[in-house]
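Below is one structure, written out as structure tokens; the observations come after it.
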């Protein structure tokens, strides 16, 4: 009975370490060997924003309503390209509530991540 409990205990605590190692190995692979993450496009109006502090690692959140009536919540990081209608770089603060935007994003298990945001007006 003790051996069985020991084996179960070891399996429960060692398996997450094995999974974490696999994720680290994925990052170290060359780009052509990594898993391709699909991107999605959407257009809509900004419902709300929470501006984070990229220097402290706090990501910003953007919620917007698509033209099809779906609400989408996105994580905005320092790597997100934010541009105006002419393609010039702008800050996230330049986007206001009810602004029309076009986004490219990836869907994650817990959060959608904005790859690019373009102000349309």
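Read the figures in this text as sums done on the coordinates, not as results from a lab. Computed from a predicted structure; not experimentally measured. Virtual Cβ from ideal backbone geometry, glycine too; neighbours counted across all protein chains shown.
Structural remarks
- Whether segment 51-92 is rounded, prolate or oblate, judged on the alpha carbon gyration tensor where a/c under 1.5 counts as rounded: oblate
- Whether segment 51-121 is rounded, prolate or oblate, judged on the alpha carbon gyration tensor where a/c under 1.5 counts as rounded: oblate
- Between residue 68 and residue 110, the FRET efficiency estimated from the beta carbon spacing at R0 = 30 angstrom works out to 0.85.
- Cα-projected label distance for residue 47 with residue 100, points at 7 Å along beta-carbon direction, nm: 2.0
- With both labels modelled 7 Å from their Cα along Cα-to-Cβ, the residue 55 to residue 91 distance reads 1.1 nm.
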